[in-house]
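The values are calculated or read from the model by the stated rules, or taken from the named source; none is laboratory data. Here the structure is a predicted model, which means the values were calculated and not measured. Every residue, glycine as well, gets a Cβ built from its backbone with ideal geometry; the counts of neighbours run over all protein chains shown. These accessible areas exclude ligands, DNA and RNA; they are computed on the full protein's heavy atoms, side chains included. Shrake-Rupley method; radii C 1.70, N 1.55, O 1.52, S 1.80 Å.
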Amino acid sequence: MSNPGEFLQACAAGRVWLYCDACGEPKNFNSVRQIDTIGNPIYWGPDPWWHDTRVFECPDCKTEQRSLIELRAEKEEK
Ligand SMILES: [Zn+2]
């Protein structure tokens with residue numbers, strides 16, 4: 001997983017998640033409102049987008065949250 005194309009594909013496939021502390025559960029990357037991206041200052045490898053901290057608004061509790069990206073092998077249905 002070392003190019004942006006794969007990252008975008010994973011997003012499109014619903015396999016990228018962000019964790020909401022307030023809800024205590026992961027939220028699909030596609031369903032949250034993205035507010036900001038904070039790069040990891042100590043990571044200089046080939047796939048920085050996996051190490052960014054995402055600032056987002058949770059669609060369920062409407063709070064602003066920060067989370068690292070979480071990749072799931074398969075989409076989980078609830
Ligand atoms: Zn939430």
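Electrostatic bookkeeping for GLN65 treats Lys and Arg as +1 and Asp and Glu as -1; over the other residues with beta carbon under 15 Å from its beta carbon, the sum is -3.
Ignoring ligands, DNA and RNA, what percent of the 1.4 Å accessible area of the chain is carbon and sulfur? The computed percentage sits at 51. For the range 21-34, the Karplus equation 6.51 cos²θ - 1.76 cosθ + 1.60, evaluated at θ = phi - 60°, returns couplings of 5, 5, 7, x, 8, x, 10, 5, 3, 6, 9, 9, 8, 6 Hz by residue, with Gly and Pro reported as x. Looking at the chain, the DSSP beta bridges with both ends there are about 100 percent antiparallel. Residue order by solvent-accessible surface for ARG54, ARG15 is ARG15, ARG54, largest first, with ligands and nucleic acids left out and a 1.4 Å probe. For the pair ASP47 and GLN34, label points projected 7 Å from Cα toward Cβ lie 1.8 nm apart. For the chain, the per residue solvent-accessible surface stands at 64 Å², with DNA, RNA and ligands left out and a 1.4 Å probe.
Across q = 0.11, 0.18, 0.20 Å⁻¹, the chain modelled as identical point scatterers on its alpha-carbon atoms has Debye log10 I(q)/I(0) values of -0.27, -0.72, -0.88, in the order of the q list. Heavy-atom accessible area, probed at 1.4 angstrom with all protein chains present, ranks TYR19, TYR43 as TYR19, TYR43, highest first.
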